[in-house]
């Protein structure tokens, strides 16, 4: 089935570049483009798209207002294309909170480099968004696919490893499409004495800092972007920085994170598989793994490795997922012990104290 896309961006050059890139794929049809949301609405009334590719700063109506209007009246998957400035990052996080399903880094210069380096990411985001299950809200190329590396690229799998149980327990969470809203719902319900949490949310570099800051202002627990060497302690959630892998490590009875460079794993950096495997290796039965809404299979193998060494493993259910890709693959692989709705995840986390 062809995915119908509407491009909304005030830059004529960017609209042309995006349209050329997307039209090169047989399963994607750009049904129109517009320089602002009001013009886009006029065109969309005649032919409603499956996915909207949306800029955030435009004349007459800003992208966030337009997004909220769409999600309140006719929910449609929206992919945000935003610059990587601090202000742009903050706006993009607001967009994700308002219901956008994906964020793509928009280049300020170097469109040719964008086509070469980020084209696959954009096309994947459109395809992922087309499968998303968005809900009504109330306002408040034929490029060669990237080589799909496993977590072996960063650390060895646990072989015959059985960590002893300790009193110090940790939670590791992996999510992607739809995860920003899902994580907000989960973390905002956790009390100050919740277990220490390490999180991988697929998100571009620089956006994770804004995302963590937003959550920190909403939650009772502390939420921050992880730095290399940060301890995983009660009342703290650490979010892997975009563009870096995050691993769980152990020193005595204490756990901390290692933040490092490395190749894309399961086509992602940070990778859920890397986080989960590191928890299997260094925490074993002292870890609880939760895989949540997201496209693809990142995290499925890592969660299976966690279960194999005695960790508890849970998956978000299909009904409450925006995209039931990652949990579905983990279930198929046998890595999931229990399935739970999104609103039940906070209780699962708190049971792990």
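Just so it is clear, none of the values below were taken in a lab; they were calculated from the coordinates. Given the structure is predicted, the values throughout are model-derived calculations rather than measurements. Virtual Cβ from ideal backbone geometry, glycine too; neighbours counted across all protein chains shown.
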> Could you give the distance between the Cα centres of the range 263-292 and the range 25-49, to the whole Å?
Replying inline: 39 Å
>> Starting from 0.36 nm per residue, how many nanometres of slack lie between residue 338 and residue 233 once their C-alpha separation is accounted for?
In response: 35.3 nm
>> Please compute the modelled spin-label separation between residue 353 and residue 62, points set 7 Å along Cα→Cβ, answer in nm with one decimal.
In response: 3.9 nm
> Evaluated at 37 °C with a viscosity of 0.692 mPa s, what Stokes-Einstein diffusion coefficient in µm²/s does the range 260-353 have when Rh comes from the Kirkwood expression over alpha-carbon pairs?
Replying inline: 252 µm²/s
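Would you kindly calculate the mean projected area, averaged across all directions, of the convex hull enclosing the Cα atoms of the range 194-353, in square nanometres?
Details: hull surface 33.4 nm².
Projected area, direction-averaged: 8.3 nm².
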> Using the beta-carbon distance between residue 135 and residue 251 and R0 = 45 Å, what value does 1/(1 + (r/R0)^6) give for FRET efficiency, to the nearest 0.05?
Replying inline: 0.55
> Points 7 angstrom from Cα along the Cβ direction at residue 73 and residue 45: gap in nanometres?
Replying inline: 0.9 nm
> To the nearest 0.05, what FRET efficiency results for residue 260 and residue 218 with a Förster distance of 35 Å applied to their C-beta separation?
Replying inline: 0.75
>> Please compute one quarter of the surface area of the Cα convex hull for the range 183-224 and express it in square nanometres.
In response: 2.8 nm²
> What is the pair-distance distribution P(r) of the range 30-74, computed from all Cα-Cα distances in 10 Å bins starting at 0, with each bin given as a whole percent?
Replying inline: 27, 64, 9
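Return 352, 314, 48 ranked ascending by Cβ neighbour count within 10 Å, so the fewest neighbours appear first.
Ascending number of Cβ neighbours within 10 Å: 48, 352, 314.
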> Hey, what does the equivalent ellipsoid look like for the range 3-130, semi-axes from the Cα gyration tensor as sqrt of 5 times each eigenvalue, largest first, whole Å?
Replying inline: 19, 18, 14
> When the convex hull of the Cα atoms of the chain is projected onto a plane and the area is averaged over all directions, what value comes out in nm²?
Replying inline: 16.4 nm²
> Of the beta bridges DSSP finds with both residues in the chain, what % are antiparallel, to the nearest 5?
Replying inline: 15 percent
